[in-house]
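Q: First the structure, which I've put down as structure tokens, then a few questions once you've had a look.
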Amino acid sequence: MPSKACSVALAGVGAYASSQAFVGPVASPQVGQQQQVRSLRKGGQAAAQDSSSSSTSAVGVLALGATGAFAAAAQVSQRGQRRAQVVRQATAVAEKVFTKMPASVKPGVVTGQALVDLLNYAKENEFAIPGVNIVGTNSINACLEAAKIAGGPVMVTFSKGGGQFIAGKAADNTNDAACVAGTVAGALHVRAVAKLSGVPVILHTDHCQKAWLPWIDALLEASEDYFAKNGEPLFSSHMLDLSEEPLEENIAICKKYLTRMAKINLLLEMELGVTGGEEDGVDTSNVDSSRLYTQPEEVWQTYQELASVPNGNFTVAAAFGNVHGVYAPGNVTLKPEILHSTQKFIKEKLGCKSDKPVSFVFHGGSGSSHEDIHYAIKAGVIKMNLDTYTQWAFWDGVNQYTKKNEPYLQTQMGNPEGPTKPNKKYYDPRVSVRSGEQSMAARLAQAMKDLNCTDRL
């Protein structure tokens, strides 16, 4: 019979092995788990042997003395308690079940059918998931924290520029090498920590114009490799923004990519019409205003083609006056009624019962009125992009921290408490950056409330 220490070790191996599965490209998860079991069993047997009452251990106890024996026993007991606590925590995360979500949706990264179920659930219950552009682990932390506060799902979104920033601006970016490496590294990081927040997380990439398709090609290769080893793609979804191309070419390229993506259960987001303004290297600020508004016939043409792809799942970013950035009231004219009329048009074409056959996404959400947001959600918007407001919130948190602690941030030593008092605990980067995370998380939690994306789990 294994010792208590061995029992604890064996109980913990399942949760540990599952959390490490993505970093094991050679051995299967089952092989890895077996190896962990053997290793931990040996450790448990060694612990059992150490605690057995052999003649050698008796001599050791006599030499050590009663005090030493009690201390050693206490250490073994503490280690066992710590191991048991780790096992309980890991098991609680792994077994968490959402009472309101579809059964397929679990804590952590959501892909495939679970993602489709989640988006349909959002459409049926009239809430939108925030799609937040991130640039590193700190903004990822803020996204996960906000989702935990709000009690709703969140979409962590990587842009091409954001991926390069994660890899490091000094990294060689020949043929988008840094953009690809940083985006993949960010996705793996999210997969490693997402479950710990206890919320559903969608891993997404943002605007990819025609010239940037090699970036998406490389990310698809990463997902195909991940799928072969883990049975699901690395990412949940990708967006292609070919709205500046002729409609027929836009649809044809999207269909080609969806055909490839469908084989590994990746969802496609595509754009019709043009989202105005500028974001992360994509500048459409001078586009003709008529292109800011999509027509129902264009959506129907797109729907017909993409719906014909076996196992294909997609969402549509149909422009209805959206503009990236934040502007003074009156400078942007949103017409969410376009989405309502489009749903009605396509329902009639399909002859279906659903009033919202299309899943829409809302770009350029920062600065939009609550009325426009809620009316768009009623038309089948299941995700709204956020970047401008969350960027400002992160900066504002850091800025407020520096203002509050300015006397302690001028020199390494010397502050109002005395000329030799050290300031290290004030200029430690983790402190100011944490203020940015908290500010961004609070702003995003408020945005989730505006999107009806609270208390949804």
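Where a number appears in this text, it was derived from the coordinates with a stated rule and is not lab data. These numbers come from a predicted model, not from an experiment. Neighbour counts run over all protein chains shown; Cβ positions are idealised from the backbone, glycine included.
Q: How many nm is it between the label spots at D172 and R260, if each spot is 7 Å from the Cα in line with the beta carbon?
A: For the pair D172/R260, the computed spacing is 2.4 nm.
Q: Would you pull out the residues with amide H under 5 Å of V323's amide H, same chain only if 5 or more places away, H placed 1.01 Å from N?
A: So V323 has HN proximity to G276.
Q: Could you go through segment 345-356 in sequence order and give the Karplus-derived ³J(HN,Hα) for each residue, using 6.51 cos²θ - 1.76 cosθ + 1.60 with θ = phi - 60°, rounded to whole Hz, and x for Gly and Pro?
A: Going residue by residue, I get 4, 6, 4, 5, 5, 7, x, 9, 7, 5, 7, 9 Hz, with x marking Gly and Pro.
Q: Any idea what the relative contact order of segment 355-422 is, in percent, if you count C-alpha pairs under 8 Å spaced at least 6 apart? Intermediate results must be reported in sequence, preceding the final value.
A: Values: 49 pairs, mean separation 16.9, N = 68.
Worked out over segment 355-422, it gives 25 percent.
Q: Right, another one. Whole-Hz ³J(HN,Hα) for each residue in segment 179-184, computed from phi via Karplus 6.51 cos²θ - 1.76 cosθ + 1.60 with θ = phi - 60°, x for glycine and proline: what do you get?
A: 4, 5, 4, x, 5, 5
Q: For the pair T420/K378, report the inter-label distance in nm, with labels modelled 7 Å from Cα in the Cβ direction.
A: Modelled inter-label distance: 7.0 nm.
Q: Of the GluC sites (Glu not before Pro) in segment 368-457, which ones lie in a loop per DSSP and count no more than 11 other C-beta atoms within 10 Å? If you can, show how the numbers build up before the last one.
A: On the way: sites: E371, E417, E437; in loops: E417.
Answer in residue order: E417.
Q: List the trypsin sites (Lys or Arg not before Pro) within segment 350-408 that fall in a DSSP loop (any state other than H, G, I, E or B) and whose Cβ has at most 14 other Cβ atoms within 10 Å.
A: Counting only loop positions with at most 14 other Cβ atoms within 10 Å, the trypsin sites (Lys or Arg not before Pro) in segment 350-408 are K353.
Q: How would you rank R79, R434, going from fewest to most other Cβ atoms within 10 Å of each one's own Cβ?
A: Going from sparsest to densest Cβ surroundings: R79, R434.
Q: For T315, list long-range residues whose amide hydrogen, built 1.01 Å from N in the peptide plane, is under 5 Å from its own amide hydrogen.
A: Long-range HN contacts for T315: L268, E269, M270.
Q: Any idea what % of Cα-Cα pairs in segment 350-455 are farther than 25 Å?
A: Percent of Cα pairs beyond 25 Å in segment 350-455: 45.
Q: Calculate one ³J(HN,Hα) per residue across segment 391-400 by plugging θ = phi - 60° into the Karplus curve 6.51 cos²θ - 1.76 cosθ + 1.60, and present them in order as whole Hz with x for glycine and proline.
A: 4, 4, 4, 5, 4, 4, x, 5, 4, 5
Q: Please arrange H189, H204, H340 by counting, for each residue, the other beta carbons lying within 10 Å of its beta carbon, fewest first.
A: Listed from fewest to most nearby Cβ atoms, that is H189, H340, H204.
Q: Could you rank the peptides 139-149, 172-182 by their average count of other C-beta atoms within 10 Å per residue, with the highest value first?
A: 139-149, 172-182
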